[in-house]
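J.: My structure is below; once you've seen it, I'll send some questions.
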């Protein structure tokens, strides 16, 4: 028993040493970036202009992984403006919070956005006074980001929205997205659960627990494995990456599927906005392998299947060699 404990302690010490040795020397680069961020879009444009593969399509990604993608670019071949954009981007990938200390940093970012509108006359078309969700500003956004030394990053994002402008407003009218606070504060909507996440990583891997948007694959129509059609999803992810090979394990939890009129809990029927943790629950484990050739060609293989499990957590799902599609063809007679 002592020999086993001793070997385990040595192995743990080696893993910790390997992790610490691979931490970036120039600061914390574990902040996450989504595909619509300026940092990701700039890196994507620079890589395409240089004729090399763009940053990973497993999103969100970290500053460290974007920096690795930028290392494929021959710096001397860039134009003067491209070099300026490259240098500016590299500096922005290093996360420096407002309150910055060697082992911890804090970044409180409260935001109030005023959205004003004017109606100049009557209209018989209701849609003239309806604001789509994507066109509405987030009235109050209480965001908190933090870093943990050089290896960790966390965030909490709490959003408040005013309801869409309703069509009963007739005649000339001027208003803002905060009018409802003066008339009926109960209609000022909370955007649901928090966006939140915790991530620890280095220059070749990260492990994350998130409640936020995610996607795998470039673009919208070409992304068939895991799309960005949900504003947020609950998931855990282990992502290892290098210049030539990436491996991703991603486990996403979806709303429960069950038929409330049936006594059989496995009688499947989609239920809307059901975020309860009652069993059984629906999970989607995925394995993704990416291979790159000469910084020009990328081959990606994704394997996964939606599963309904009757336990809080099934550790077999974590096995990287358990390809869940095989269960679909298995029949125990």
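The values are calculated or read from the model by the stated rules, or taken from the named source; none is laboratory data. Owing to the predicted nature of the structure, the values given are computational and were not obtained by experimental measurement. Note: ideal-geometry Cβ built from the backbone for every residue, glycine included; neighbour counts use all protein chains shown.
J.: Could you list, in sequence order, all residues of region 83-114 that are in contact with a strand residue (DSSP E or B) (Cβ under 7 Å, 6 or more places away or on another chain) and crowded, with 17+ Cβ neighbours inside 10 Å?
T.: Answer for region 83-114, where residues must be in contact with a strand residue (DSSP E or B) (Cβ under 7 Å, 6 or more places away or on another chain) and crowded, with 17+ Cβ neighbours inside 10 Å: 95, 97, 105, 107.
J.: Moving on to the next point. Residues in region 151-158: is at least one assigned to a loop (DSSP other than H, G, I, E, B), out of contact with any helix residue (DSSP H, G or I) (no Cβ under 6 Å at 6 or more places or on another chain), within 25 Å of residue 199 (Cβ to Cβ) and modelled with pLDDT of 85 or more? Working first, answer last.
T.: First, the residues of region 151-158 that are assigned to a loop (DSSP other than H, G, I, E, B): 151.
Next, from what is left, pick out any that are out of contact with any helix residue (DSSP H, G or I) (no Cβ under 6 Å at 6 or more places or on another chain): 151.
Still in the running and within 25 Å of residue 199 (Cβ to Cβ): 151.
Now narrow it down to the ones that are modelled with pLDDT of 85 or more: 151.
Yes, there is a match, as at least one residue in region 151-158 is assigned to a loop (DSSP other than H, G, I, E, B), out of contact with any helix residue (DSSP H, G or I) (no Cβ under 6 Å at 6 or more places or on another chain), within 25 Å of residue 199 (Cβ to Cβ) and modelled with pLDDT of 85 or more.
J.: Quick test of your reading of the structure: residue 228 fulfils all but one of (1) within 17 Å of residue 61 (Cβ to Cβ); (2) modelled with pLDDT of 75 or more; (3) in a loop (DSSP other than H, G, I, E, B). Name the failing condition by number.
T.: Condition not satisfied by residue 228: (2).
J.: I've got another one for you. Given the structure, is residue 52 outside any helix (DSSP H, G or I) and within 21 Å of the chain's Cα centre (by Cα)?
T.: no
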